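Written out below as structure tokens is the structure these notes cover.
The values are calculated or read from the model by the stated rules, or taken from the named source; none is laboratory data. Since this is a predicted model, take the numbers as computed values, not measurements. Every residue, glycine as well, gets a Cβ built from its backbone with ideal geometry; the counts of neighbours run over all protein chains shown. Areas reflect the complete protein model, heavy atoms only, side chains present, ligands, DNA and RNA absent. Shrake-Rupley method; radii C 1.70, N 1.55, O 1.52, S 1.80 Å.
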Amino acid sequence: MPEARTILILSFSPIATDARVLKQVRLAGEFGEVVTCGYGPRPDGVREHIRIPDGLSVFPLAPKLLVLRLGALALRRSPAVSWAASALRGRRFDAIIADDIEALPTALHVRSTAGVLADLHEFSPGQHSNDAGWMRWVRPVLLRIVRRSLPRAAAVTTVAPIIADEYSRLSGVDVGVVINATPFADLRPTPVGHPLRLVHSGVCLRNRRLELLIEAVALSGRAVELDLFLMPNDPGHLQELRDLAEAVPGVRVREPVPYGELVERLNDYDLGVFVLPPTTRNYEWALPNKLFDFVQARLGVLIGPTPQMAHYVEAHRLGVVTDDFTAESLARVISTVTDEEVAAFKQAAHAAAQELSAEVAVDGWRTRLARMLEGTR
């Protein structure tokens, strides 16, 4: 009896809490036994977890090597990359999934029968496009990987069409799209609340300008409730938001909700809100999982004019796209949207929930992984 296939998933993230990578873990289990290499505790459903020590990171890269234009060497010598490469040396797998661009060179050096599926979670060369030092020294390292390593991957996917087009332009390879969809939730829209219930959930980062959401409620002149479920990424900024919220009736900053419970918790609200100023290229091109969390929670959506998000909101009539990324523009929408419109948005989310679910989206990985593994047994 032949041995089961083994599939390695390499991600420099805490895999057990990384929603996108966990979808890959579940999918890879359809094809064989799964081995993960990343931070944090062992994810459910894997045969083996190779845990990268918490104190080791990929970035920052060694400045001296960057100045000498030895970016590839700087990445190889990065503590987390060096540790993972050593831990995987001598191992062999039937296939490998490499999550994001910094994992790809290491994955390509691990022996595998079917090769590497590279899944790119964002446009990495544009991750910190507002930082001149990063653009000068780190961006060239990532562009080199895109141009030299992506063509060596057996398959490549990313999160949004505009990002796929840019990676294809830079590398000359076909890049598929697997949106950051949320698993299907068997829920129904709740009646529109009085006052209207707004919600935002996610990371707390200063360059996301979350204070705009609070300011918009204050400017709207409408009696609404806004709950912000925020991760403590930046404790100082989180406290600033708490202080700001205390001065605006109806606004509350709440503790984060475990991802497995989030959609059901969001179902209690009416409108998911996310206005993301394009402070970086990645923010300009964002198509985040929270949009699809809102859909599965059967909420209407209020977003800024971020092109990728606006496409889905408009195509499925999920909500309203503001005129710009200001608090004033969002306040106008909050003050004028009617209960009837909100109810229609929630019903539209219900109608689109199956189509915009993770179960449908991951077919993009399933097809590519099946093609890669064909003939390996």
Stokes-Einstein D for region 229-377 (25 °C, 0.890 mPa s, Kirkwood Rh from Cα pairs), in µm²/s, comes to 143 µm²/s
Counting Lys and Arg as +1 and Asp and Glu as -1, what is the net charge of the other residues whose Cβ lies under 14 Å from the Cβ of Arg69? +4
Under a crude label model (7 Å from the Cα following the beta-carbon direction), how far is Asn130 from Ser86 in nanometres? 3.7 nm
Net charge contributed by nearby residues that have their C-beta within less than 14 Å of Arg89 (K/R +1, D/E -1): +4
Which Cα, out of Pro307, Val342, Ser329, lies furthest along the positive dipole direction of region 283-347 (beta carbon charges, K/R +1, D/E -1)? Val342
Sum of -39500 (n - 2.57) over DSSP H runs of 4+, divided by residues of the chain (222 nm, nearest 500): -11000 deg cm²/dmol
Partners for Lys23 among lysines (Cα-Cα distance below 28 Å; same-chain residues under 8 apart left out): Lys290, Lys346
DSSP loop chymotrypsin sites (Phe, Trp or Tyr not before Pro) in region 213-307 with at most 11 other Cβ atoms within 10 Å of their Cβ, which ones? none
Solvent-accessible area per residue, Å², over the chain with all protein chains present [probe radius 1.4 Å]: 44 Å²
Report the trypsin sites (Lys or Arg not before Pro) located in region 8-49 that are in a DSSP loop and have at most 16 other Cβ atoms inside 10 Å of their Cβ, or state none. Arg47
Report Asp186's accessible area, 1.4 Å probe, all protein chains in place, as a number in Å² to the nearest 10. 140 Å²
Given +1 on the Cβ of Lys and Arg, -1 on the Cβ of Asp and Glu, and no further charges, what dipole in debye does region 1-159 carry about its Cα centre, rounded to the nearest 20? 740 debye
Please go through region 286-377 and write out the GluC sites (Glu not before Pro) that DSSP classes as loop and that have at most 16 other C-beta atoms within 10 Å. Glu355, Glu374
Explain nothing, just the number: dipole magnitude of the chain about its Cα centre with +1 on each Lys and Arg Cβ and -1 on each Asp and Glu Cβ, in debye rounded to the nearest 20. 1940 debye
Carbon/sulfur fraction of accessible area - the chain, other protein chains in place, 1.4 Å, %: 51 percent
Net charge near Pro277, counting Lys/Arg +1 and Asp/Glu -1 over other residues with Cβ under 15 Å of its Cβ? -2
